[in-house]
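Read-outs throughout are calculated quantities, based only on the coordinates presented, and are distinct from any laboratory measurement. Here the structure is a predicted model, which means the values were calculated and not measured. Note that each Cβ is placed from the backbone with ideal geometry, even for glycine, and that neighbours are counted across all protein chains shown.
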């Protein structure tokens, strides 16, 4: 593993001046990054899991996590809900430690930690069509490593990202992604830059499972209507780019390894864009749900996935979520 990273504080994006609280938070994060990176990988993994258990005991958003699990698994008994919630905190802690270490990994280290054997030929075949590819994932496993695994193998990829509130942390995360070969596109830039990237036969990665409020489309997710971003389906259908449901699932056992998988999702094209967008969005959500059911503790149950409710007929939907 190479530690050729520049340790200087990153330059924040224009127009976002860091406050004292931002600098303090960033300094603490960099200190934690240095400490975690100095540990053997297994010890860093255990340290992260321990932090997760501490957060669970302190009940940080535990009500949200357990409520979401009950909604997704209504027949589960309370003991399973509690055990899965606790395991999800441990997983989040481990992946947080992995992300801190990612800032100091090189591309070969990413390749060594990711297995793409079964599905890589499918991605290469899709790219042979010359219209780019959309990799649609969710907050499951390690979504950052999924994009880095593609870039490390020499395929241009750009990720649509949500900017972080702390501009120093945002700049650091952007620098880490770009050093590993992942270009970043803000949500505001996506409508103009994604089409250009697809026309250049690149791969675009999208994390599309957060509540989209009134701007989303309601499709089933664990049997409940969930407001879901329609952007991935719109880009795929308008520009002819194949859409893959992609995840990077952490594998069990010693060592830190991930299985990066991607399944192309095809739906009939009726020529009615709204209907086709809904069908493809629902199919992508169904694929993510199927993956989550294989290892539910690896999903990010910490956000309110079903916060938005389908509008009543004749009722004005709530405003879209702010694009910060």
### the chain - mean residue ellipticity at 222 nm from DSSP helices (-39,500 (n - 2.57) per run, n ≥ 4, rounded to 500)
-15000 deg cm²/dmol
### Task
Round to the nearest 0.05 the FRET efficiency obtained for residue 31 and residue 270 when R0 = 51 Å and r is the Cβ-Cβ distance.
0.40
#### Entry: Residues in the range 171-201 that a label on residue 128 would reach, taking backbone N under 14 Å of a point 7 Å out along Cα→Cβ
none
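Please sort 186-193, 98-105 by packing, taking for each peptide the average over its residues of neighbouring beta carbons within 10 angstrom, highest first.
98-105, 186-193
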### Task
Report the label-to-label distance for residue 257 and residue 21 in nanometres (one decimal), using points 7 Å from each Cα along the Cα→Cβ vector.
4.4 nm
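Using a 10 Å cut-off on Cβ atoms, rank the peptides 106-112, 208-214 from the highest mean neighbour count down.
208-214, 106-112
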### Summary
Out of 285, 295, 151, a Gaussian network model of the chain with alpha-carbon springs under 10 Å gives the largest mean-square fluctuation to 295
### Query
For the peptides 36-44, 169-177, what is the packing order when you average, over each peptide's residues, the other Cβ atoms within 10 Å and list the highest mean first?
169-177, 36-44
### Residue order, fewest to most surrounding Cβ atoms within 10 angstrom, among 161, 64, 267
64, 267, 161
### Highest-fluctuation residue, 298, 82, 183 considered, GNM on the chain with Cα pairs under 10 Å
82
### Query
Which percent, nearest 5, of DSSP beta bridges in the range 20-298 are antiparallel?
40 percent
### Summary
In this structure, the FRET efficiency calculated for residue 76 and residue 199 from their beta-carbon separation, with R0 = 56 Å, to the nearest 0.05, is 0.75
#### Entry: For the range 24-45 and the range 220-256, distance of Cα centres in Å
30 Å
